[in-house]
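The values are calculated or read from the model by the stated rules, or taken from the named source; none is laboratory data. The structure displayed is predicted, hence computed values, not measured ones. Note that we place each Cβ from the backbone using ideal geometry, even for glycine, and neighbour counts take in every protein chain shown. Just so you know, the surface numbers come from the protein's heavy atoms only, side chains and all, with ligands and any DNA or RNA stripped out. Shrake-Rupley method; radii C 1.70, N 1.55, O 1.52, S 1.80 Å.
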Amino acid sequence: EAQVTQNPRYLITVTGKKLTVTCSQNMNHEYMSWYRQDPGLGLRQIYYSMNVEVTDKGDVPEGYKVSRKEKRNFPLILESPSPNQTSLYFCASSLDYTDTQYFGPGTRLTVL
Amino acid sequence: QKEVEQNSGPLSVPEGAIASLNCTYSDRVSQSFFWYRQYSGKSPELIMSIYSNGDKEDGRFTAQLNKASQYVSLLIRDSQPSDSATYLCAVRYGGYSGAGSYQLTFGKGTKLSVIP
């Protein structure tokens, strides 16, 4: 089944404790992206990747890191999480940047 | 500043009626337009994509694009209670290249409620 997977789906952590949210797709997509969704603010892009080893900042990159060492994986790293990073996070992928983006199931992160 | 504006709603329509969802965008040089549906607590799923002026129909859904007015809409005919969700408009800005064209900008969504 073609899909985007994210892990974990739910995470409660404390301020400053490094964490990684994984994202993987099995559709051989070139383009991958991370979004956060907050009430009243909608979906905002954090980082995106055009292809392996090519990443760039989205609209809200502060406090996040990404890497794209393999085509199928695009992990999101929070080196020192803070409470304002409490949010619902979505990974998405598409064949290329012009194509429809398909979303993973989401990761609900709470930083205490 | 990239902006995609949607009426937040809630928009309430009776079952069987036509629901009309609207979206405006701020950059004339925009190439691709998408409508996503998002049920509460779930991920967005694509309903329609549209790239050129005019109407595009898919079952009960019709997307309408007017680039001169910078306006895109989604019509849902014969609305069903299962259509109750938040509808997100997304726009890919910029031309065929350049940083802006590599991103999707989303509106904040319109919440639709179909009353049985």
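Per-residue accessible area (protein heavy atoms, 1.4 Å probe) orders A:Ile46, A:Ile12 as A:Ile12, A:Ile46, starting from the largest.
Report the equivalent ellipsoid semi-axes for the protein assembly as shown in whole Å, largest first, defined as the square roots of five times the eigenvalues of the gyration tensor built from alpha carbon atoms.
Details: eigenvalues 175, 85, 49 Å².
Taking √(5λ) for each Cα gyration eigenvalue gives 30, 21, 16 Å.
Rounded to the nearest 0.05, the FRET efficiency derived from the C-beta distance between A:Arg108 and B:Ser69 at R0 = 41 Å is 0.60. Take the Cα of B:Asn53, go 7 Å toward its beta carbon, and none of the backbone nitrogen atoms of the stretch B:1-26 fall under 13 Å from that spot.
With a cut-off of 8 Å between alpha carbons and a minimum separation of six or more residues, what is the relative contact order of chain B in percent?
On the way: 302 pairs, mean separation 43.0, N = 116.
Relative CO of chain B lands at 37 percent.
Counting other Cβ atoms within 10 Å of each Cβ, which trypsin sites (Lys or Arg not before Pro) in the stretch A:1-108 have at most 14 and sit in a DSSP loop?
Details: sites: A:Arg9, A:Lys17, A:Lys18, A:Arg36, A:Arg44, A:Lys57, A:Lys65, A:Arg68, A:Lys69, A:Lys71, A:Arg72, A:Arg108; in loops: A:Arg9, A:Lys17, A:Lys18, A:Arg68, A:Lys69, A:Lys71, A:Arg72.
Hits after loop and neighbour filter: A:Arg9, A:Lys17, A:Lys18, A:Lys69.
Using the Cβ-Cβ distance between B:Gln80 and B:Arg28 with R0 set to 25 Å, the FRET efficiency works out to roughly 0.10. Of the residues A:Ser24, A:Ser67, A:Ser80, the one that moves most in a GNM of chain A with alpha-carbon contacts below 10 Å is A:Ser80.
So which trypsin sites (Lys or Arg not before Pro) in the stretch B:1-57 end up in coil per DSSP with only 13 or fewer other C-beta atoms within 10 Å? Don't skip to the end; give the middle numbers.
Values: sites: B:Lys2, B:Arg28, B:Arg37, B:Lys42, B:Lys56; in loops: B:Lys2, B:Arg28, B:Lys42.
Passing both the DSSP loop test and the Cβ count: B:Arg28, B:Lys42.
Which residues does the label zone of B:Leu11 cover in the stretch B:39-78, counting backbone N under 12 Å from a point 7 Å along Cα→Cβ? Residues passing the 12 Å test: B:62-64, B:72-77. Within the listed set B:Gln103, B:Gln70, B:Gln80, the Gaussian network model of chain B (springs between alpha-carbon atoms below 10 Å) gives the highest mean-square fluctuation for B:Gln103.
Here, the stretch A:8-112 has an Rg and a Dmax of 12.9, 38 Å when only alpha carbons are counted.
Coordinate range of the alpha-carbon atoms in chain B per principal axis, descending: 46, 30, 19 Å. Annotation for the stretch A:4-20 versus the stretch B:20-38: alpha-carbon center distance of 31 Å.
In the stretch B:22-82, Rg over Rh equals 0.99, where Rg is the alpha-carbon radius of gyration and Rh the Kirkwood radius from pairwise Cα distances.
Multiplying the sequence separation of A:Arg44 and A:Ser67 by 0.36 nm and subtracting their Cα-Cα distance, what value in nm do you get? Before the final figure, lay out the partial values.
On the way: separation 23, 0.36 × 23 = 8.28 nm, distance 1.87 nm.
Full extension of this stretch gives 6.4 nm more.
Ligands, DNA and RNA excluded, the heavy atoms of B:Glu15 present near 90 Å² of accessible surface to a 1.4 Å solvent probe.
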